[in-house]
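Novice: Here's a structure for you.
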Amino acid sequence: MPETALLLILVSLPFAGAVAAGLLPTHARNAAAVLAGAVALTGLLLVWAAYPTVSAGGVLRAEFAWIPALGLNFSLRMDGFAWLFAGLVTGIGALVVLYARYYMAEDDPVPRFFAFLLAFMGAMMAVVISGNLVQLAFFWELTSLLSFMLIGYWHHTTAAREGARMALTVTATGGLALFAGVLVLGHIVGSYELDAVLAAGDRIREHPLYLPALVLILLGALTKSAQFPFHFWLPNAMAAPTPVSAYLHSATLVKAGVFLLARLWPVMAGTEAWFLIVGTAGLVTMLLGAYVAIFQNDLKGLLAYSTLSHLGLITLLLGLDSELALVAAVFHILNHAAFKASLFMAAGIIDHETGTRDIRRLSGLNRSMPFTARLVLVAAAAMAGVPLLNGFISKEMFFAEALSAEAPLGLLNMLPVAAMLGSAFSVAYSLRFIHGAFFGPDPVGLPQTPQEPGTWMRLPVEILVLTCIGVGVLPAATVGPFLDLAMRSVLGDGVPGYSLSVWHGLNLPLLMSVVALAGGVALYLLLQGRLRSEIEGEPLLRRLEGKRIFERAMVFLSWRLARRLEGIASTRRLQPQLRLIVVVALLAGGLTVWVRGVGPGNLPPSPVDPVLALVWAVGGACALGAAALAKFHRLAALILVGGAGLAVCVTFVWFSAPDLALTQLTVEVVTTVLLLLGLRWLPQRIQIPGDGGPEVLTHARRMRDLALAVGAGGGLAALSYAVMTRTPPQLLAQDFLARAYTEGGGTNVVNVTLVDFRGFDTLGEIFVVAAVALATYALLRRFRPAPDSLEPPIQQRDQLSAAPAEEAPATARPVADWLLVPFTLTRLIFPVMALVAAFLLFRGHDLPGGGFSAGMVVAIAVILQYMIGGTAWTEDRLAWLRPRVWIGTGLLLASGTGLAALGFGRPFLTSYFGYLELPFIGQVPTASALIFDIGVFALVVGATLLMLVALAHQSVRGRRATSRALASPARTERTLAAAGDD
Amino acid sequence: MELVVSLAIGVLAGSGVWLLLRPRTFQVTIGLALLSYAVNLFIFSTGGLRTGADAILGRGEVGTLAEFTDPVPQALVLTAIVIGFATTALLLVVLLAARGLTGTDHVDGRERER
């Protein structure tokens, strides 16, 4: 298989499997497990297929252009080291899938679990075989995100949610730092390609930006590998299902941090800063984790802290400036993955079969689960570093390194002691795990009667434990070649001579091992009393709980600080916010004028025409009147706004913009009707002379607002005068004018612009209008009028009481009966208006008109029927009028026209035009833009009617609600809000 | 003529801003309507005020700015008018719904404490 395909499949197959698993039915446990198992095994086979190339010292590569402009490629690169990790990810992955099939309960949504697990596998695989650092950072964050989903899998429990959030907060923040660090590193090297970075070791270490890059990258690696002081998220992540803990929190995810440290070790390690940060974090974590692990009562908690400790050990080894230490670290990564994954699985088995993981409640399981007990015995012994097991060999290497480490600080003198201490702690907690769970008297009061688990559930544990023994007895024959391969790819020719064997003769490390073993046993015996007591947590360090500090920091950041900032800088009140916007706009405008200056332009002002001046005298008065009356006289204000709108309309006509005038006029009518319909639901407000007179504060506030309004108005007036007296820039206009007919096929340039040149904008616009109409409709479906608006308004009641008594109120149409002449005229005018609309629509491409104004005319025609005829009468006769169908048709027509152009091999929304000769009518312009315009027309009709009708319907519903509410008279009290506040 | 139109824009904008800062929802709605008139007129005026210029090309004609009005601001304003209508409708309905839920037509959903 070509290597490009192999690498690509290796990365993409898990993601494809994740999507497939996510699409399975909720309870398809077997199907999902088979799928996941097949994906993991295929991955393992692919990794194995890469072995010949890798073992010959070759590197598999695949590269695809991603953002070539930035020098970024999607590149995959598998050398020996990446190969080793890829094997770990797929191999342990396959075992975990098998285990999870039997661990997960039937009523859990198992396909979702496997979907996340597979996606995680893909992300992890991509991290280890990324050939590009930016890409690595991306997949790194993806693993954080997927680990969040997996920890929070049982999201109904608080522990899962909090653990997931904490893990994400810590590791994703670290990932962000890593990304920044990678960018700095890329800046130093001049490339983000791993090959280039690995070749530039000296340049990196000598660069002035080395320290920032180092700190940022270490932040990423140390948070991911849960090193002190970021260790606290890992124990809290134990709320995840046990297969997740076995996979993510022992074998893979947490190893990503140390993977990165080892990957960059040749180019970044060896400096004092590296030793100080990495070494110290590793040392502290190793001791702290091992110490706290002894006092954990939860089996998984014990394993979690033990994982911290072992990760600390690996980190410490990576911190030392020695190739041999690096070998020991990588070797221990493998060993730890084997024994810790099997122990996690065993803890899950115990939990599964007994119903508890509390060491104090468990006891004597050796008799009921003999086989499991022996497996755990071996795995825990490997964890403790007992000879003939894999943990022993890497521990011996660690001791040897601790003894011979050379670094500039005296701190190292205590390293052998610390190593022994950590090892003794590790013996103690391993003993506690075995002794507490499997020995002693028979357990009492367990939730379930313990028994051996199914064969298949035990199989993964057996395989892992066998590995531990195999590596422990014959290290050179089993893991030797793989380790050698990985080390050669990291260190090149500089691989030091090391010997993988059980017996190195009587030497100091062996003596240290014996002391640690004996010390651990003694410690465990000494602590018996304390461990059996009910006291939770460990002595001495209980106060220093990272979780509590984290939570306090979160509360401070996300709550207290946010509230305080909001109190200072923000308000929930609308008026100050709007005032601020206006002030900022004024200041911005003022600043520009102050810096650049402003004045009348080069054009002489045209003479004032008294007619338009008169129109605007009236229009301006209308605007001022509306401003003054909008509070107490809403109807009057609405009419005055209409007056101002008419003045605008006249201005458009005056200055040669017939299309605008037409649209403005029709929209004006519809807006007014809409606001009229809304008036009904607003509270009565009557101005009582003398009451609520402006207080001093209010008066000052009004003066301030007045100043702002005058400032804004004056500023805008000055600005427009300055603009109008300058020659307008000829940007697009000339182009549009020249091409409107020759290429757009229409003589009405504005319309051609809308449906052709800027057709995409119009398409976007009609989608917005459709969304707004549907939002309006949705909001009104849930509309509940205020109690004081429930009662029919006084006018309506008068009309109803005047209606003939024999007629039931529901069928009464007071308006139609009273206004018989307008009613008849409205009915007559309906077809005429429809004709006008059609006229406007079809001539729109050549003469003023078009879809917008035509649609508005139809909407006006219909709303007239509603106003005079009443809702019930109109809807009986206009049953074909379904606004939502119009909206849908319009959108489909408009986007369909655009897509049709694609069918002819042209870009989206390209239009075609020609003239059609029709009998009697003559030449009709038939551009494909016309179909687009018909779409616009249909949409405008539908959207406008949907809004108007939905609002008008509230009166009908309101009447029904009123008849219900009137039954309970207490709710019909009317509130007269006559407050004079402003 | 430029003076008249710019004064008109100023008066519309001033009234609009004044109403925008008032506490009652209906005042804000009316204020937005007035403000949008002002802004539409302003955008329109950037193409220059032309009386008696042609807006419609002849068949087969290649137009020039010397004889025709600038179509770009007009197209912009036409779109703005329609969108303005849609947003006014949405604002009105949101305000009505808020009034139904809170029982007051104050913009903050509750009366100001005195």
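The values are calculated or read from the model by the stated rules, or taken from the named source; none is laboratory data. The model shown is predicted, which means the values in this text are computed figures rather than measured ones. Ideal geometry is used to build each Cβ from the backbone, glycine not excepted, and the neighbour counts take in all protein chains shown. The protein model used for the area step is the full one, side chains on, heavy atoms only, and it has no ligands, DNA or RNA in it. Shrake-Rupley method; radii C 1.70, N 1.55, O 1.52, S 1.80 Å.
Novice: Of everything in segment B:26-37, what is without any contact (Cβ under 8 Å) to a residue 60 or more places away in the chain and of a type outside the set (S, T, N, Q)? Give them in sequence order.
Specialist: Just the residues of segment B:26-37 that are without any contact (Cβ under 8 Å) to a residue 60 or more places away in the chain, to begin with: B:27, B:30-37.
Within segment B:26-37, B:ILE30, B:GLY31, B:LEU32, B:ALA33, B:LEU34, B:LEU35, B:TYR37 qualify.
Novice: Quick check on segment A:648-664: of everything there that is aliphatic (A, V, I, L, M) and crowded, with 24+ Cβ neighbours inside 10 Å, which residue is farthest from the other protein chains (Cβ to nearest Cβ)? Quick ask: steps written out before the conclusion?
Specialist: First, the residues of segment A:648-664 that are aliphatic (A, V, I, L, M): A:648, A:650, A:653, A:657, A:660-662.
Cutting the leftovers down to crowded, with 24+ Cβ neighbours inside 10 Å gives us A:648, A:657, A:660, A:662.
Values: A:VAL648: 5, A:ALA657: 5, A:LEU660: 6, A:LEU662: 9 Å.
By that ranking, first place goes to A:LEU662.
Novice: State which residue pairs qualify: first residue within 16 Å of A:PRO728 (Cα to Cα) and facing chain B (nearest Cβ under 10 Å) and inside segment A:597-615, second residue in a loop (DSSP other than H, G, I, E, B) and among the basic types (Lys, Arg) in any location, beta carbons under 9 Å apart, and separation of 6 or more residues or different chains.
Specialist: A:PRO600/A:ARG726; A:GLY601/A:ARG726; A:LEU603/A:ARG726
The rows are residues; the columns are (1) farther than 24 Å from B:THR29 by Cβ; (2) at pLDDT below 90; (3) touching a Ser or Thr at 6+ places or on another chain (Cβ under 7 Å).
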site	(1), (2), (3)
A:THR666	no, no, yes
A:ARG680	no, yes, yes
A:HIS699	yes, yes, no
A:ARG702	no, yes, no
A:LEU708	no, no, no
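Novice: Any idea how many residues of segment B:91-114 are open to solvent by 50 Å² or more (accessible area, probe 1.4 Å) and either of a type outside the set (Val, Ile, Thr) or more than 7 Å from chain A (Cβ to nearest Cβ) (or both)?
Specialist: Residues that pass the stated criteria total 7.
Novice: Within segment A:845-899, restricting attention to residues that are of a type in the set (Ser, Thr, Tyr) and out of contact with any His (no Cβ under 9 Å at 6 or more places or on another chain), which residue is surrounded by the most Cβ atoms within 10 Å (Cβ to Cβ)?
Specialist: Kept after step one, since they are of a type in the set (Ser, Thr, Tyr), are these residues of segment A:845-899: A:853, A:866, A:871, A:874, A:889, A:895, A:897.
Filter once more, so that each one left must be out of contact with any His (no Cβ under 9 Å at 6 or more places or on another chain): A:853, A:866, A:874, A:889, A:895, A:897.
Numbers: A:SER853: 28, A:TYR866: 21, A:THR874: 20, A:THR889: 19, A:SER895: 17, A:THR897: 25.
So the residue we want is A:SER853.
Novice: Quick one: would you say A:TYR153 is over 21 Å from the mean Cα position of the chain (by Cα) and within 30 Å of A:THR455 (Cβ to Cβ)?
Specialist: On the way: over 21 Å from the mean Cα position of the chain (by Cα): no; within 30 Å of A:THR455 (Cβ to Cβ): yes.
Here the answer is no, as A:TYR153 does not meet what is asked.
Novice: Is it true that A:VAL750 is surrounded by fewer than 24 Cβ atoms within 10 Å (Cβ to Cβ) and either assigned to a helix (DSSP H, G or I) or among the small types (Gly, Ala, Ser) (or both)? Walk me through how you get there before you give the answer.
Specialist: On the way: surrounded by fewer than 24 Cβ atoms within 10 Å (Cβ to Cβ): no; either assigned to a helix (DSSP H, G or I) or among the small types (Gly, Ala, Ser) (or both): yes.
So A:VAL750 fails the test.
Novice: Next up: Go through (1) closer than 22 Å to A:PHE655 by Cβ; (2) surrounded by fewer than 24 Cβ atoms within 10 Å (Cβ to Cβ); (3) at the interface with chain A (Cβ under 7 Å from one of its Cβ atoms); (4) touching a residue at least 40 places away in the same chain (Cβ under 8 Å) one by one and return the number of the condition B:PRO23 breaks.
Specialist: Every listed condition holds for B:PRO23 apart from (1).
Novice: Which number in (1) out of contact with any helix residue (DSSP H, G or I) (no Cβ under 7 Å at 6 or more places or on another chain); (2) at pLDDT 90 or above; (3) polar (S, T, N, Q) marks the one condition that A:ASN73 misses?
Specialist: (2)
Novice: Right, something else. Mind counting the residues in segment A:669-691 that are within 9 Å of another protein chain (Cβ to nearest Cβ) and within 17 Å of B:ALA33 (Cα to Cα)?
Specialist: 7
Novice: Counting only residues that are part of a helix (DSSP H, G or I) and open to solvent by less than 20 Å² (accessible area, probe 1.4 Å), which one in segment A:47-77 is nearest to A:SER489 (Cα to Cα)? Don't jump to the end; show me each part of the working.
Specialist: Keep residues of segment A:47-77 that are part of a helix (DSSP H, G or I), which gives A:47-49, A:51-55, A:68-70.
Next, from what is left, pick out any that are open to solvent by less than 20 Å² (accessible area, probe 1.4 Å): A:47, A:54.
On the way: A:VAL47: 16, A:VAL54: 9 Å.
Of everything passing the filter in segment A:47-77, A:VAL54 is nearest to A:SER489 (Cα to Cα).
Novice: Is it fair to say A:PRO235 is open to solvent by 10 Å² or more (accessible area, probe 1.4 Å) and at pLDDT below 90? Explain how you work it out, then say what you get.
Specialist: Details: open to solvent by 10 Å² or more (accessible area, probe 1.4 Å): yes; at pLDDT below 90: yes.
In short, yes.
Novice: Additional query: Quick one: A:HIS27 ticks every box in (1) touching a strand residue (DSSP E or B) at 6+ places or on another chain (Cβ under 8 Å); (2) closer than 30 Å to A:PRO109 by Cα except a single one, so which number is it?
Specialist: (1)
Novice: So, in segment A:451-476, exactly how many residues are over 25 Å from A:LEU334 (Cβ atoms) and surrounded by 20 or more Cβ atoms within 10 Å (Cβ to Cβ)?
Specialist: 1
Novice: Please go through segment A:78-117 and give me each residue that is open to solvent by 20 Å² or more (accessible area, probe 1.4 Å) and within 29 Å of the chain's Cα centre (by Cα), ordered by number.
Specialist: Within segment A:78-117, A:ASP107, A:ASP108, A:PRO109, A:ARG112, A:PHE116 meet the criteria.
Novice: For B:VAL4, only one of the following conditions fails: (1) in contact with a Leu (Cβ under 9 Å, 6 or more places away or on another chain); (2) open to solvent by 10 Å² or more (accessible area, probe 1.4 Å); (3) facing chain A (nearest Cβ under 7 Å); (4) within 29 Å of A:ASP846 (Cβ to Cβ). What is its number?
Specialist: The one condition B:VAL4 does not meet is (4).
Novice: Determine whether segment A:220-229 contains at least one residue that is more than 17 Å from A:ILE151 (Cα to Cα), surrounded by fewer than 24 Cβ atoms within 10 Å (Cβ to Cβ) and among the aliphatic types (A, V, I, L, M). I'd like the intermediate steps shown before the answer.
Specialist: Step one: list which residues in segment A:220-229 are more than 17 Å from A:ILE151 (Cα to Cα), which gives A:220-222, A:227-229.
Right, trim to surrounded by fewer than 24 Cβ atoms within 10 Å (Cβ to Cβ) and you get A:228-229.
Okay, now just the ones that are also among the aliphatic types (A, V, I, L, M), so none.
Within segment A:220-229, not a single residue is more than 17 Å from A:ILE151 (Cα to Cα), surrounded by fewer than 24 Cβ atoms within 10 Å (Cβ to Cβ) and among the aliphatic types (A, V, I, L, M).
Novice: Same structure again: Are any of the residues in segment A:278-297 open to solvent by 10 Å² or more (accessible area, probe 1.4 Å), out of contact with any Gly (no Cβ under 8 Å at 6 or more places or on another chain) and within 30 Å of A:ALA476 (Cβ to Cβ)?
Specialist: No, the conditions are met nowhere in segment A:278-297.
Novice: Restricting the search to segment A:317-357, which residues are without any contact (Cβ under 8 Å) to a residue 60 or more places away in the chain and open to solvent by less than 10 Å² (accessible area, probe 1.4 Å)? Walk me through how you get there before you give the answer.
Specialist: Within segment A:317-357, the first condition is being without any contact (Cβ under 8 Å) to a residue 60 or more places away in the chain, and the residues that meet it are A:319, A:357.
Answer for segment A:317-357, where residues must be without any contact (Cβ under 8 Å) to a residue 60 or more places away in the chain and open to solvent by less than 10 Å² (accessible area, probe 1.4 Å): just A:GLY319.
Novice: Can I ask one more? Scan segment B:43-50 and give yes if some residue there is of a type outside the set (Asp, Glu), more than 22 Å from A:PRO600 (Cβ to Cβ) and either within 7 Å of chain A (Cβ to nearest Cβ) or open to solvent by 10 Å² or more (accessible area, probe 1.4 Å) (or both), otherwise no.
Specialist: Taking segment B:43-50 and keeping what is of a type outside the set (Asp, Glu), we get B:43-50.
Adding the requirement that they be more than 22 Å from A:PRO600 (Cβ to Cβ) leaves none.
No, that holds for no residue.
Novice: I've got another one for you. Residues that are free of Cβ contacts under 8 Å to residues at least 12 places away in the same chain and among the charged types (D, E, K, R), at least 1 per element: which helices (runs of 4 or more DSSP H) completely within segment A:414-526 meet that?
Specialist: Details: elements: A:415-438, A:455-473, A:475-478, A:480-491, A:508-526.
Because the criterion is at least 1 residues that are free of Cβ contacts under 8 Å to residues at least 12 places away in the same chain and among the charged types (D, E, K, R), the helices (runs of 4 or more DSSP H) in segment A:414-526 that meet it are A:480-491.
Novice: Continuing with this model, one more query. Quick check on my filter: what residues within segment B:60-90 are surrounded by fewer than 21 Cβ atoms within 10 Å (Cβ to Cβ), touching a helix residue (DSSP H, G or I) at 6+ places or on another chain (Cβ under 7 Å) and assigned to a loop (DSSP other than H, G, I, E, B)?
Specialist: B:GLY60, B:GLU61, B:VAL62, B:THR64, B:LEU65
Novice: Give the residues of segment A:720-746 that are crowded, with 19+ Cβ neighbours inside 10 Å and more than 7 Å from chain B (Cβ to nearest Cβ), sorted by residue number.
Specialist: Passing the criteria: A:GLY744, A:GLY745, A:GLY746.
Novice: Just one of B:GLY10, B:GLY31, B:GLY14 is more than 7 Å from every other protein chain (Cβ to nearest Cβ) and either farther than 17 Å from B:GLY84 by Cα or small (Gly, Ala, Ser) (or both); which is it? Steps first, answer last, please.
Specialist: Working: B:GLY10 fails: more than 7 Å from every other protein chain (Cβ to nearest Cβ); B:GLY14 fails: more than 7 Å from every other protein chain (Cβ to nearest Cβ).
Exactly one of B:GLY10, B:GLY31, B:GLY14 is more than 7 Å from every other protein chain (Cβ to nearest Cβ) and either farther than 17 Å from B:GLY84 by Cα or small (Gly, Ala, Ser) (or both), namely B:GLY31.
Novice: Just need a number here: residues in segment A:502-543 that are modelled with pLDDT under 75 and in contact with a helix residue (DSSP H, G or I) (Cβ under 6 Å, 6 or more places away or on another chain).
Specialist: Going through segment A:502-543 one residue at a time, the tally reaches 1.
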